[in-house]
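To start, the structure under review is shown below, and the notes come after it.
The values are calculated or read from the model by the stated rules, or taken from the named source; none is laboratory data. As the structure is a computational prediction, the values presented were derived from the model and not from experiment. Using ideal geometry, Cβ is built from the backbone for each residue, glycine included, and neighbour counts are taken over all protein chains shown.
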Amino acid sequence: MKIEQDLEQGRSRKPTATGIEGRGALSTEEALRYLNLGRTKFYDEIASGRLRVRKAGRKTLILIDDADEYLRALPTIRDYEPA
């Protein structure tokens with residue numbers, strides 16, 4: 001609901017109010033919220049190679065640029081062909 005309100009009001013989906021502005025990467029939990037994906041779909045996208053992640057020890061990080069690239073690569077409604 002919050003994302004829809006932000007988009008209607010012309011606000012960016014860039015993470016600003018969550019305390020991650022100025023950072024170059026998102027944690028798994030932050031990426032789930034930023035991408036608006038469920039955990040299973042998130043890990044499916046990583047396994048398929050469509051969403052790139054980085055590892056810092058045991059920590060999984062998703063660059064904001066990679067998250068944005070993933071979103072831009074999603075098919076538009078015109079491009080979408082149901083399976």
(request) Might you check whether a residue that is under 11 Å from the mean Cα position of the chain (by Cα), of a type in the set (Gly, Ala, Ser) and part of a loop (DSSP other than H, G, I, E, B) occurs anywhere in the range 53-64? (result) no
(request) Being under 12 Å from Ala25 (Cα atoms) and surrounded by fewer than 17 Cβ atoms within 10 Å (Cβ to Cβ) is the filter here, so list the residues in the range 43-59 that pass it. (result) Arg52, Arg54, Lys55, Ala56, Lys59
(request) Taking the residues in the range 14-43 that are of a type in the set (D, E, K, R) and under 15 Å from Leu63 (Cα atoms) as candidates, determine which candidate is modelled with the lowest pLDDT. (result) Lys14
